[in-house]
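A short write-up of the structure that comes next.
The values are calculated or read from the model by the stated rules, or taken from the named source; none is laboratory data. What you see is a predicted model; the values in this text were computed from it and never measured. Note that we place each Cβ from the backbone using ideal geometry, even for glycine, and neighbour counts take in every protein chain shown.
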Amino acid sequence: MSTTLGQFNPLAITFFFLFIAISLGVTYWAARQTKNTAHYYAAGGNISGWQNGLALSGDFMSAASFLGIAGLVSLNGFDGLIYSIGFLVGWPIVMFLIAEPLRNLGKYTFTDVVAYRLKQTPVRVASALGTLAVVSFYLIAQMVGAGNLIKLLFGLEYELAVVIVGGVMLAYVIFGGMIATTWVQIIKAVLLMAGTLLLAIIVLSKFGFNPIALFDAASVKYGATVLAPGKLVSDPLDAISLGMSLMLGTAGLPHILMRFYTVPNAKEARISVMYATVIIGIFYLLTFILGFGAMVLVGQDPIKAIDKGGNMAAPLLAEVLGGDAFLGFIAAVSFATILAVVAGLTLSGAAALSHDLWVNVVRRGHADETEQLKVARAATLLLGVLAIVLGIVFKGQNVAYMVGLAFAIAASANFPALLLSMLWRRFTTNGAVASILVGTIVSLVLIYLSPTVQVDILKHSAPIFPLKNPGLVSIPLSFAVGIIVSLLTTERAAADGFDEVEHRIHTGEVGWGRDEG
Amino acid sequence: MDASENDRAASRTRALTALANERWRVSLGLTIAMMVIYFGFILLIAYNKPLLGTLLAPGLSLGILLGALVIVAAWVLIYVYIRWANNYYDRRIAKIQAGEL
């Protein structure tokens, strides 16, 4: 089949500029509302549960989900679905263990919760390192995805595409902070769901609105193996390791956790996870249809001809079904998808640098609002530039794999310390710092020793560590170190503070606007 | 603070601690349920690929059906939690805060 992908597509460019114009309009409006740090980091706590549910969906469903999973399913069938399901099952964990206590205990970052009854300086420094490691890996994945996508969709140079994404994102975040970021994420979630639904309905209309008939057509065309687990997850331990990272990583992603401070109370936090899980679950169920639809209606060879990884399966499917106009719309939706995620990531990294490190460590909690806002915006600018540089340096990396690693670091560095600090009276400063540092360092080292780096990149004959994803080792190790080090140390103040933690987790009293220090 | 105020504060703390423990039991129980379902699915993928490839109908393999059911199971568990939190937990908290417990 012939495609206009990669050529100048005026409709795609029009949709693209329309989205940028609208989102910059939102940013202008948001900038006028942003008067202090509570607005900048948490949208003043004025976002409703339903709005936050949409924004969480927009923050979470990245290009790796929309383009990557549709591509994986179109080329590998069932194996691609393992990612769809893994990305969703983290949400119940966020709901049951994290969302409400986090909202009641913290102010702007999840570190507020870990540091609540522990010594501020060591915990905040360790936790900021963990946050920045996760944010960097996630940013690389998104920026590399953005560069490739815009190059393929609009025919622009890779580097220019990365600079455009970084620049537009910086405009949102520096001027509009969390208010603009939230609304960009909401608009994106609506566009993405509309685009996905429309694609799925048109695909299903060709199969009598029966998904099973679609799957059957796929198995007739490419063999029944596309409906069964295959070679993508050949090693059982690798499958379990990836599964652990995906499930527990969501509960440690700083940009997701930060969104719970934008709602007024714990009940709204609960409602927001409910809406997010429903929306994201529907989206991932629809990726079954999109992936198999692209497999049958576009065909595996044309998909591979455009991009070996299959990342262009969804846009190609749109072109087959609705021509240039639909391709342009889906291209613009994909672009919006990346921008919204990058904005959320940058804001959470900036909060770690300015709120955790500058205000609470360097200035010991004594910085006025004007200074805090200035530092927050400077940190945002710094991270935006870093994102652009990383995107250009890491050109050609596998996007879905990088996201998998970001989840592994989040699950090892952030999740154990966060859970133990809320659940366990005996948890100490030394335990928290050890857990965060061991989780971060061990997952990074194991990634370096993994087959992907040692064999695929460095071309050694055998890997030093056998698993592609470190979660199976690094997550239990981080828990174990946190528990053992805490048991070996005693910290009266931390244990005494637990009653207050418990009180605040459940009642939320004095939770909002509490002075740090 | 006189003696009766002290008593009230102490009983409030006891009620809150009891509810806190109950909340963690429910939360951890639901978490374990989600983990058993999801890792059960992953272990089937890892150790019994042919079973998941069994066709229940032309086009519908057991693997695809179970995969979709894992997503549905996540919704069901969240529904159970929301019901419990809205109908029981929130009311208990309100009572403790009003000093009725």
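Considering only helices (runs of 4 or more DSSP H) fully contained in segment B:21-101, which possess at least 2 residues that are in contact with a Ser or Thr (Cβ under 8 Å, 6 or more places away or on another chain) and surrounded by 14 or more Cβ atoms within 10 Å (Cβ to Cβ)?
By residue number, B:62-84, B:90-97.
Being aliphatic (A, V, I, L, M) and closer than 14 Å to A:Val73 by Cβ is the filter here; which residues of segment A:218-232 pass it?
A:Ala218, A:Val226, A:Leu227, A:Ala228, A:Leu232
Among the β-branched types (Val, Ile, Thr), modelled with pLDDT of 90 or more and surrounded by 24 or more Cβ atoms within 10 Å (Cβ to Cβ): which single residue out of A:Thr181, A:Thr121 fits that description? Steps first, answer last, please.
Values: A:Thr121 fails: surrounded by 24 or more Cβ atoms within 10 Å (Cβ to Cβ).
Testing whether each residue is among the β-branched types (Val, Ile, Thr), modelled with pLDDT of 90 or more and surrounded by 24 or more Cβ atoms within 10 Å (Cβ to Cβ) leaves just A:Thr181.
Could you tell me whether segment A:367-375 includes any residue that is surrounded by fewer than 24 Cβ atoms within 10 Å (Cβ to Cβ), in a helix (DSSP H, G or I) and in contact with a His (Cβ under 8 Å, 6 or more places away or on another chain)?
If we filter segment A:367-375 for residues that are surrounded by fewer than 24 Cβ atoms within 10 Å (Cβ to Cβ), which is where we start, we get A:367-375.
From what is left, the residues that are in a helix (DSSP H, G or I) are A:369-375.
Going one step further and asking which of them are in contact with a His (Cβ under 8 Å, 6 or more places away or on another chain), we end up with A:372.
Within segment A:367-375 (the criterion being surrounded by fewer than 24 Cβ atoms within 10 Å (Cβ to Cβ), in a helix (DSSP H, G or I) and in contact with a His (Cβ under 8 Å, 6 or more places away or on another chain)), the answer is yes, since at least one residue qualifies.
Take the conditions aliphatic (A, V, I, L, M) and either over 25 Å from the mean Cα position of the chain (by Cα) or in a loop (DSSP other than H, G, I, E, B) (or both) and apply them to A:Ile464. Does it pass? Quick ask: steps written out before the conclusion?
Working: aliphatic (A, V, I, L, M): yes; either over 25 Å from the mean Cα position of the chain (by Cα) or in a loop (DSSP other than H, G, I, E, B) (or both): yes.
Yes.
Return the residues of segment A:300-356 that are acidic (Asp, Glu) and more than 25 Å from the chain's Cα centre (by Cα); say none if nothing qualifies.
Taking segment A:300-356 and keeping what is acidic (Asp, Glu), we get A:301, A:307, A:319, A:324, A:356.
Those that are acidic (Asp, Glu) and more than 25 Å from the chain's Cα centre (by Cα): A:Asp301, A:Glu319, A:Asp324.
Looking at A:Leu321, A:Leu345, A:Leu290, A:Leu316 in this structure, which one is under 25 Å from A:Ala194 (Cα atoms) and surrounded by fewer than 24 Cβ atoms within 10 Å (Cβ to Cβ)?
Details: A:Leu345 fails: surrounded by fewer than 24 Cβ atoms within 10 Å (Cβ to Cβ); A:Leu290 fails: surrounded by fewer than 24 Cβ atoms within 10 Å (Cβ to Cβ); A:Leu316 fails: surrounded by fewer than 24 Cβ atoms within 10 Å (Cβ to Cβ).
Going through A:Leu321, A:Leu345, A:Leu290, A:Leu316 in turn, just one is under 25 Å from A:Ala194 (Cα atoms) and surrounded by fewer than 24 Cβ atoms within 10 Å (Cβ to Cβ): A:Leu321.
Can you spot a residue in segment A:40-58 that is in contact with a His (Cβ under 7 Å, 6 or more places away or on another chain), surrounded by fewer than 20 Cβ atoms within 10 Å (Cβ to Cβ) and not aromatic (Phe, Trp, Tyr)? Break it down stepwise before answering.
Let us first name the residues in segment A:40-58 that are in contact with a His (Cβ under 7 Å, 6 or more places away or on another chain), namely A:41.
Next, only the ones that are surrounded by fewer than 20 Cβ atoms within 10 Å (Cβ to Cβ) stay: none.
No: zero hits.
Condition first: in contact (Cβ under 8 Å) with a residue 40 or more places away in the chain and within 7 Å of chain A (Cβ to nearest Cβ). Now tell me which residues in segment B:31-44 satisfy that.
B:Met34
Tell me the residue from B:Tyr47, B:Tyr79 that is of a type outside the set (Gly, Ala, Ser) and at the interface with chain A (Cβ under 7 Å from one of its Cβ atoms), please. Please lay out each step first, then the result.
Details: B:Tyr79 fails: at the interface with chain A (Cβ under 7 Å from one of its Cβ atoms).
Matching residue, one of B:Tyr47, B:Tyr79: B:Tyr47.
In segment A:202-250, which residues are of a type in the set (Phe, Trp, Tyr) and surrounded by fewer than 16 Cβ atoms within 10 Å (Cβ to Cβ)?
Restricting attention to segment A:202-250, the residues satisfying the condition of being of a type in the set (Phe, Trp, Tyr) are A:207, A:209, A:215, A:222.
The answer is A:Phe209, and nothing else.
Looking at segment A:422-440, which of its residues are within 11 Å of A:Glu491 (Cβ to Cβ) and part of a helix (DSSP H, G or I)?
Initially, segment A:422-440 is screened for residues within 11 Å of A:Glu491 (Cβ to Cβ), giving A:425-432.
Passing the criteria: A:Thr429, A:Asn430, A:Gly431, A:Ala432.
Exactly one condition in (1) more than 21 Å from A:Phe326 (Cα to Cα); (2) under 21 Å from the mean Cα position of the chain (by Cα) is false for A:Ser62; which is it?
Single failed check for A:Ser62: (1).
If we scan segment A:500-508, do we find a residue that is away from chain B (no Cβ under 14 Å) and at pLDDT 85 or above?
Of the residues in segment A:500-508, the ones away from chain B (no Cβ under 14 Å) are none.
Among the residues of segment A:500-508, not one is away from chain B (no Cβ under 14 Å) and at pLDDT 85 or above, which makes the answer no.
Report, ordered by the first and then the second residue, all pairs with beta carbons closer than 6 Å, sequence separation of six or more or different chains, a first member in segment A:480-494 that is free of Cβ contacts under 8 Å to residues at least 60 places away in the same chain, and a second member that is in a helix (DSSP H, G or I).
A:Val481/A:Ala434; A:Val481/A:Ser435; A:Val481/A:Val438; A:Val485/A:Asn430; A:Val485/A:Gly431; A:Val485/A:Ala434
Can you list the helices (runs of 4 or more DSSP H) found entirely within segment A:179-260 that contain at least 1 residues being within 27 Å of the chain's Cα centre (by Cα) and of a type in the set (A, V, I, L, M)? Explain how you work it out, then say what you get.
Working: elements: A:211-222, A:236-249, A:254-258.
In segment A:179-260, A:236-249, A:254-258 are the helices (runs of 4 or more DSSP H) which contain 1 or more residues that are within 27 Å of the chain's Cα centre (by Cα) and of a type in the set (A, V, I, L, M).
Got a number for residues in segment A:219-234 being out of contact with any strand residue (DSSP E or B) (no Cβ under 8 Å at 6 or more places or on another chain) and within 8 Å of chain B (Cβ to nearest Cβ)?
Going residue by residue through segment A:219-234, those that are out of contact with any strand residue (DSSP E or B) (no Cβ under 8 Å at 6 or more places or on another chain) are A:219-223, A:225-226, A:229-234.
Right, trim to within 8 Å of chain B (Cβ to nearest Cβ) and you get A:219, A:225, A:229-230, A:233.
The qualifying residues number 5.
With the structure loaded, tell me whether A:Met258 is of a type in the set (A, V, I, L, M), facing another protein chain (nearest Cβ under 10 Å), crowded, with 24+ Cβ neighbours inside 10 Å and under 18 Å from A:Asn414 (Cβ atoms) or whether it fails that test.
No: the conditions fail for A:Met258.
Just wondering, is there one or more residues in segment A:87-104 that are farther than 25 Å from A:Met312 by Cα, away from every other protein chain (no Cβ under 14 Å) and among the acidic types (Asp, Glu)?
No.
Can you pull out every residue in segment A:26-43 that is touching a helix residue (DSSP H, G or I) at 6+ places or on another chain (Cβ under 7 Å) and part of a helix (DSSP H, G or I)? Let's see the steps before the verdict.
Here is the first cut: in segment A:26-43, the ones touching a helix residue (DSSP H, G or I) at 6+ places or on another chain (Cβ under 7 Å) are A:26-27, A:30-31, A:33-34, A:36-43.
A:Val26, A:Thr27, A:Ala30, A:Ala31, A:Gln33, A:Thr37, A:Ala38, A:His39, A:Tyr40, A:Tyr41, A:Ala42, A:Ala43, listed by residue number.
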